[in-house]
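What follows is one structure encoded as structure tokens, with my remarks underneath.
The values are calculated or read from the model by the stated rules, or taken from the named source; none is laboratory data. These numbers were taken from a predicted model, which means no experiment stands behind them. Cβ sites come from the backbone with ideal geometry, for glycine too, and all protein chains shown count toward neighbours.
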Amino acid sequence: MKKALIALLGVHLLLILIVAGLFVLSETYPLRPGMAFYNVQSTAEQWRLKLGADDERRAEFALDLAERRLADLAAANRPARVRTAATALDRATDEAVRRLEPLSANDQSLLFERLSGFLGRAQV
């Protein structure tokens, strides 16, 4: 009984550490396209996007992700990484636009201004 309880506690602690690690990856985004574990970071970001508190916060985070992907594209230095970063930017931009749709007109206008600035920096 005692061993089972210790094992269960160990599993819970491991899960907590994994979730905390994924949150840190989604917050700090230290990895760039083509790097080892980039897909883990991208998955953590997508989970965080889906678990956002409300539509406005999800839209704001979707715009954050699009801006990160633009920075990734700017930093890409190899053809394979450029392709990966460009694909990620395209997906992130589509997701940001999709997340803006359900917002109120006032919230939309503020975030559309931010999106317009982002697209201007991307020269799209």
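Structure notes:
- Of Leu13, Leu65, Leu70, all but one fail to be more than 28 Å from Ser116 (Cα to Cα) and surrounded by 10 or more Cβ atoms within 10 Å (Cβ to Cβ); the exception is Leu13.
- Unmet requirement for Ser26, which otherwise passes all of (1) of a type in the set (Ser, Thr, Tyr); (2) in contact with a Lys or Arg (Cβ under 6 Å, 6 or more places away or on another chain); (3) in contact (Cβ under 8 Å) with a residue 24 or more places away in the chain: (3)
Residues checked against (1) without any contact (Cβ under 8 Å) to a residue 12 or more places away in the chain; (2) not small (Gly, Ala, Ser):
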| position | (1), (2) |
| --- | --- |
| Val19 | yes, yes |
| Ala62 | no, no |
| Glu67 | no, yes |
| Leu70 | no, yes |
| Asn77 | yes, yes |
| Thr87 | yes, yes |
| Ala92 | no, no |
| Leu111 | no, yes |
| Gly117 | yes, no |
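- Conditions (1) surrounded by 15 or more Cβ atoms within 10 Å (Cβ to Cβ); (2) under 16 Å from Glu60 (Cβ atoms); number of the one not met by Ala76: (2)
- The residue pairs whose first member lies in region 30-55 and is under 27 Å from Arg78 (Cβ atoms) and touching a residue at least 12 places away in the same chain (Cβ under 8 Å), whose second member is small (Gly, Ala, Ser) and outside any helix (DSSP H, G or I), and whose beta carbons are closer than 7 Å, counting only pairs six or more residues apart or on different chains, are Pro33/Ala76.
- For the criterion of being of a type in the set (S, T, N, Q) and in contact with a Pro (Cβ under 9 Å, 6 or more places away or on another chain), Gln41 passes.
- Pick from region 78-124, criterion basic (Lys, Arg) and more than 15 Å from the chain's Cα centre (by Cα), ranking: modelled with the lowest pLDDT: Arg121
- Sole exception among (1) surrounded by 11 or more Cβ atoms within 10 Å (Cβ to Cβ); (2) part of a helix (DSSP H, G or I) for Pro30, by number: (2)
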